[in-house]
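The values are calculated or read from the model by the stated rules, or taken from the named source; none is laboratory data. Since the structure is predicted, the reported quantities are computational estimates derived from the model, not experimental observations. Using ideal geometry, Cβ is built from the backbone for each residue, glycine included, and neighbour counts are taken over all protein chains shown.
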Amino acid sequence: MKMPFRSLLACLPLLMGFCVEGAIAQSSFSFPTTAPNGQALLLSQVPAGKQVATQKAVYAPNEAILVNYANLPGNSGDWITIVPANAPDDTYEEWFYTEGQRSGSRQFNGLAPGSYEVRVYHNWPDGGYVVQDRYRFTVGTQTQTQTPASRHISTNKTIYQASESILVNYANLPGNSGDWITIVPSSAPDDSYNEWFYTEGQRSGSRQFNGLTPGNYEVRVYYNWPDGGYVVQDRYAFTVR
């Protein structure tokens, strides 16, 4: 299968790393990893076991969208796009080649309100339109349960459907780079973890976790790994049906 003719015209890679769209040449853009003062920018990590994620679970309309990617095979034809969440797998809108990079970040243009997915494909054209990983996010207003002042963590709902993405809100954290959050079955020991992420010094924010099978779960927050060990600083229970 060949890349649709429209996409070939929309972005024709040249030796100098530029794309040609009509008569306008545009350089490919990667989000900077250092601030003007030379300090490193803290980018949200791609969750363990994933290849792609957005920096935030919810964006404002027309707000630029930062996509992080990791664990790619390193083919020059690996590519990433953002499309409406219900779009077929052979659909693409704004997209880019990773050009052999196994990890990195890219800023996409802002979007109208709605539910979207960032999708990663391997090794075009041989890999076809087989989605290797996807990550859902929202543009617009999404009702979020605010984390109470006395707490550090909560989910935006107390009951989820099976495989429904889970939005975790956190606040009032001490701001250590090693603070981290995970979701596990409610009965799991405190030294257990499944999908998890570092907050990277952010005291508050939100993160979208993958959906789960039916059961009772807890989202747990830990401080300052490894010094803080497996001491749960706060936990919040929810159910998947």
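Of note:
- Leading residue by the ranking (nearest to L66 (Cα to Cα)) among those in the stretch 76-103 that are surrounded by fewer than 17 Cβ atoms within 10 Å (Cβ to Cβ) and under 16 Å from the mean Cα position of the chain (by Cα): S103
- Residues in the stretch 44-69 that are assigned to a loop (DSSP other than H, G, I, E, B) and either modelled with pLDDT of 95 or more or closer than 16 Å to Y135 by Cα (or both): S44, Q45, V46, P47, A48, G49, K50, Q51, Q55, K56, A57.
- Subset of the stretch 168-199 that is acidic (D, E) and buried (at least 17 other Cβ atoms within 10 Å of the Cβ) - its residue that is farthest from D227 (Cα to Cα): E195
- Among residues of the stretch 118-134 that are over 17 Å from I82 (Cα atoms), those with a beta-carbon under 7 Å from a residue that is modelled with pLDDT under 95 and surrounded by fewer than 20 Cβ atoms within 10 Å (Cβ to Cβ) at least six positions away or on a different chain give the pairs P125/M1; P125/K2; P125/M3.
- All told, Q132 falls short of being surrounded by 14 or more Cβ atoms within 10 Å (Cβ to Cβ) and either modelled with pLDDT under 90 or out of contact with any strand residue (DSSP E or B) (no Cβ under 9 Å at 6 or more places or on another chain) (or both).
- Selection from the stretch 172-188 of residues that are farther than 21 Å from P214 by Cβ and part of a loop (DSSP other than H, G, I, E, B): N172, L173, P174, G175, N176, S177, G178, D179
- Among residues that are of a type in the set (V, I, T), outside the structural domain of A87 (by TED's automatic domain parsing) and under 16 Å from the mean Cα position of the chain (by Cα), V168 is included.
- Single condition S115 does not satisfy, out of (1) under 20 Å from A48 (Cα atoms); (2) free of Cβ contacts under 8 Å to residues at least 40 places away in the same chain: (1)
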